[in-house]
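These notes concern the structure reproduced below.
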Amino acid sequence: MADGESGPVTARELYNRVTSQGDRIRALKTEKAPKNDIDVAVKQLLALKVDYKNLTGQDYKPDSPPEHNVAMIQNCSPGADDGDDFVDPWTVQTGSAKGVDYDKLIVRFGSQKIEKELIDRIERVTGKKAHHFLRRGIFFSHRWLQDVFDVPLVVQMTDDEKYLWKDLTLEKAYQYTIENAKDIIACGFDVDKTFIFSDLEYMGSSSGFYKNVVRVQKHVTFNQVKGIFGFTDSDCIGKISFPAIQAAPSFSSSFPDIFNGRKDIQCLIPCAIDQDPYFRMTRDVAPRINYPKPALLHSTFFPALQGAQTKMSASDPNSSIFLTDTPKQINAKVNKHAFSGGKDTIEEHRKYGGNCEVDVCYMYLTFFLEDDEKLERVRQDYSSGALLTGELKKLLIETLQPLIAAHQESRKQVSDEVVKQFMTPRKLAFDF
């Protein structure tokens, strides 16, 4: 996920989004798209119109843009209770200590919640227990994967996006790509089935990739891009054209070395839900260029140490646990900075219990403690007051320290030559 800055949504930007969504629905109807796709698009249009009226006090009228370009500081549903959320591909903000309201996002983005029936189906197909990220709703909606499904994995490193949105040189953006690739490789991916690529490097060497970028560009208007992403006339043209670059890896013909030029292999994209606008656009375009639509698995956001309503930042070393942290640093960060859902005194905590919905240590354990039964005991004990805040923090520290240490040891084994192996276009060990 990119973490560049993005301003508030203005009335004119919201007007453009409503207009482009109407254009999108007309295009779907013209192409005789499936009824479900049209229904989802209509729901999104209605939600945008509600936002527009809440912001301007007026109903949306075609060819009648707002006279006053007021700004919507918060997104999703202006005026909603318990803190509104702002979610786009570059900024995630919430006013609630519980974090982003994902049920609202599912409605707003037109995706579908991952229900138990789907998880059961995955387990039947794979013959393996679903990953705890799926069982606990960390990946919570859909539009894990290499070990279980035994499929090729392609990882796009959007260093061009970093360059366009942040104050970086091209060289620095590419350097970050290499360092990030080392962290990804250290997670244990199979070099024979994984291709990692830099946008800056790969697009110039793959005619298949660039052809798909151009195909997408031809089928998305400037008005639609402004409506989907909130771009303004002052944004550079690199930003405006970037969504087509992020869309292109959804199509197998972008990687002729891997898929032997085939165009019919469907793509499954796991991503945080803030990236969904890119792939809603991609799913709209895909049938018009004779490609299968990509499917998606949406993940929740990882909260900052100081609470889900605060911003995680690489410039603030105390806002999160980093993969470079020492055991001592992890201990200090959790004890000093992790937002607690406990009560002010031991007596009050024993009597009333803690709030797991806002406690960052518990939130982190849902990501990193694999044992479901142990996690449930922690929840019950903390909620009842049997487990104190200090004890919960100790459990998190003891969980994180060996995980981070193991990752650091694995990363030491990832040389520049190993990175080159992963980033070289080639046929992967998989038969189609």
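The values are calculated or read from the model by the stated rules, or taken from the named source; none is laboratory data. Since the structure is predicted, the reported quantities are computational estimates derived from the model, not experimental observations. Side chains are part of the model used for accessible areas, which takes the heavy atoms of the whole protein and leaves out ligands, DNA and RNA. Shrake-Rupley method; radii C 1.70, N 1.55, O 1.52, S 1.80 Å.
What the table below lists for this structure:
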| read-out | value |
| --- | --- |
| Percent carbon-and-sulfur accessible area, the stretch 317-400, ignoring ligands, DNA and RNA, probe 1.4 Å | 52 percent |
| The chain - mean residue ellipticity at 222 nm from DSSP helices (-39,500 (n - 2.57) per run, n ≥ 4, rounded to 500) | -15000 deg cm²/dmol |
| Cross-link partners of Lys293 among aspartates and glutamates (Cα-Cα below 12 Å; sequence separation of 8 or more within a chain) | Asp37, Asp264, Asp284 |
| Å² per residue, accessible surface of the stretch 317-400 at 1.4 Å | 53 Å² |
| Partner lysines for Lys53 [C-alpha distance under 16 Å; skip if fewer than 8 residues away on the same chain] | Lys43, Lys61 |
| Sorted largest first, extent of the chain alpha carbons per principal axis (Å) | 64, 57, 47 |
| Cα-Cα over 31 Å, subset of Lys116/Lys226; Lys129/Lys393; Lys239/Lys412 | Lys116/Lys226; Lys239/Lys412 |
| Solvent-accessible heavy-atom area per residue, rounded to whole Å², over the stretch 111-236 at 1.4 Å | 53 Å² |
| Surface share of carbon and sulfur [accessible, 1.4 angstrom probe, percent] for the stretch 167-253 | 55 percent |
| Rg/Rg_ref, the stretch 124-230, where Rg_ref = 2.2 N^0.38 Å and atoms are Cα | 1.35 |
| Partners for Lys172 among aspartates and glutamates (Cα-Cα distance below 19 Å; same-chain residues under 8 apart left out) | Asp3, Glu5, Asp159, Asp160, Glu161, Asp183, Asp199, Glu201, Asp416 |
| Stokes-Einstein diffusion coefficient of the stretch 317-400, Kirkwood radius over Cα pairs, 25 °C, 0.890 mPa s, in µm²/s | 190 µm²/s |
